1. For segment 16-65: of the residues being of a type in the set (Lys, Arg) and over 30 Å from residue 3 (Cβ atoms), which is surrounded by the most Cβ atoms within 10 Å (Cβ to Cβ)?
2. Taking segment 1-33 only, how many residues are among the aromatic types (Phe, Trp, Tyr) and either touching a residue at least 60 places away in the same chain (Cβ under 8 Å) or over 10 Å from residue 43 (Cα atoms) (or both)?
Amino acid sequence: MGIEFTGWLIIGAAWMLGTFGGGWLLAWLYKRLHPSLSFYKLWAFWSSLLGGMVALLFAFGLVRL
């Protein structure tokens, strides 16, 4: 019992889509507030922050299993 390879593939794809999509959206909003900032650096910052938060959630979930 557990998650098979396909399940992990779906979880990983959702993780990447959510991380990069959420990072793009937050970067776009911050770029509108502060036009002098670099969009791609904002995107990298927010994507890494969101990805790290999701990784922590996964780690906490594995500990509770």
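Coordinate-derived values only; no laboratory data. Remember, predicted model here, so these are calculated numbers, not experimental data. Neighbour counts run over all protein chains shown; Cβ positions are idealised from the backbone, glycine included.
1. Out of the qualifying residues, it is 31.
2. So the answer is 3.
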